[in-house]
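To start, the structure under review is shown below, and the notes come after it.
The numbers here are math on the coordinates, done by the rules we state, and not lab data. Predicted, not measured: the structure shown is a model, and the values here were computed from it. All Cβ positions, glycine included, derive from the backbone under ideal geometry; neighbour counts span all protein chains shown.
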Amino acid sequence: MATIARRTVKGITYYYLEHTIRQDGRVTKKSRYLGRTIPKDIEKVKKQFAYELNREKWFDIFDKIKENYATELAKIPKSAREKELNEFSVRFTYDTQRIEGSTLSLRETAQLLEKGISPSGKPLEDVKEADAHQKVFFEMLRYQKDLSLEVVLYWHKKLFEGTKPDIAGQIRRHGVRITGSKFVPPSLVELHPLIRQFFSWYNGNKVTMHPVELAALVHLKFVTVHPFEQK
C-alpha cells in the first residue's frame with residue numbers, strides 16, 4: 001500500500017508517494033513526487049501508482065512466460081499438441097458446466113466428448129450443453145476478428161439453441177438474481193447502456209492494453225453486466 005512521505009528541504013515541505021516492493025530478491029522502495037501539497041484526488045493517484053508498479057513487475061513476467069511457452073510448444077509434435085488441447089477442452093467444459101449445475105462427472109464428460117458415449121440416467125440437457133460447449137470452444141479458438149456483441153450473441157445461441165431456444169442468443173428481458181450471491185446484476189433499465197459502454201471500453205483498449213490485463217478485465221466487466229438469462 002502506498003504511503004505519503006513528507007520531506008523538508010530548506011524549510012520547504014515536499015510530498016511523495018512511497019511503496020516498498022520485493023524485486024529480484026531484494027526489497028526496494030519506489031517513490032513518486034506529488035508536489036508541495038497533497039493532491040485532492042490522492043486516492044486516485046495512489047491507485048494509479050500501484051497500477052503502474054504492478055504493470056512494471058508483472059507484465060514482463062507474463063511476456064517471458066509467453067515466450068517460454070512458445071519455445072516449448074514448438075518442440076511438441078502436432079499430434080501431442082492436439083491431444084493436450086482436446087484434454088483441456090474436456091476439463092474446461094466440465095468445470096464450466098459444473099459451475100452452472102450440470103450433473104455430469106468429469107469421467108462422463110470425457111466419455112461423451114472423446115468417445116461419443118452418452119451417460120445413462122443423466123439429463124439430456126446436460127449432455128447437449130456439454131457437447132455444444134466444446135464445439136463453441138474450438139470455434140472461438142479459430143475466431144480471428146475483434147469481439148463484438150453480434151459474435152457474443154452468436155456463441156450464446158450455439159450454446160443453448162438445442163436446450164433453451166427461447167433464450168438462446170438473446171439479451172435477457174427481465175431482472176435476475178444469482179443464487180447464493182450478494183451481488184445483484186444490473187436492472188433491465190441499466191442493461192443495454194452498460195453493454196454499449198462495455199464494447200466502447202473494449203474497442204478503446206483492445207490495441208493498447210496488455211493482452212493478459214485486457215482478457216482479465218473483459219471477463220470481469222462482462223460477467224458484472226450479466227447480460228443473459230440464468231442457465
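A few points about this structure:
- Relative contact order, percent, the range 1-83 [alpha-carbon distance under 8 Å, six or more residues apart]: 19
- Per-residue Cβ neighbour rank within 10 angstrom, fewest leading, 153, 112: 153, 112
- Residue range of the chain that is longest and free of GluC sites (Glu not before Pro) which are both DSSP loop and sparsely packed (at most 15 other C-beta within 10 Å): 1-99
- In a fully extended conformation the segment linking residue 99 and residue 26 would gain 22.2 nm over its present Cα-Cα distance, using 0.36 nm per residue.
- Legend: ranking of residues 174, 192 from fewest to most surrounding C-beta atoms inside 10 Å; resulting order 174, 192.
- Rounded to the nearest 20 debye, the dipole size of the range 87-196 about its Cα centre is 200 debye, using +1 on the Cβ of Lys and Arg and -1 on the Cβ of Asp and Glu.
- Where (1) 24, 21, 19; (2) 33, 23, 15; (3) 44, 26, 16 are the candidate values, the label of the one calculated here for semi-axes √(5λ) of the Cα gyration tensor in Å is (3).
- Helix axis angle, 211-225 relative to the chain longest principal axis, alpha carbon, degrees: 70
- Listed by chain and number, the lysines placed with their C-alpha closer than 23 angstrom to that of residue 75 are 64, 66, 83; residues fewer than eight positions away on the same chain are left out.
- Taking the range 82-231 and dividing mean pair separation by its residue count, relative contact order in percent (alpha carbons under 8 Å, at least six apart): 16
- Annotation for residue 1 and residue 57: the two label points, set 7 Å from Cα along the Cα-Cβ direction, are 1.5 nm apart.
- Annotation: lysines with alpha-carbon distance below 25 angstrom to residue 47 (same-chain offsets under eight excluded): 29, 30, 57, 206, 221.
- Separation in nanometres of the label points that stand 7 Å from Cα toward Cβ, at residue 66 and residue 157: 3.2
- 24 Å Cα-Cα reach of residue 122 towards lysines, excluding residues that sit fewer than 8 places from it in its own chain: 135, 157, 158, 164, 231
- For the chain, the mean residue ellipticity at 222 nm estimated from helices alone is -19000 deg cm²/dmol, where every DSSP H run of n ≥ 4 contributes -39500 (n - 2.57) and the total is divided by all residues, rounded to the nearest 500.
- Rounded to the nearest 20, the Cβ-based charge dipole of the range 3-73 about its Cα centre (Lys and Arg +1, Asp and Glu -1) stands at 620 debye.
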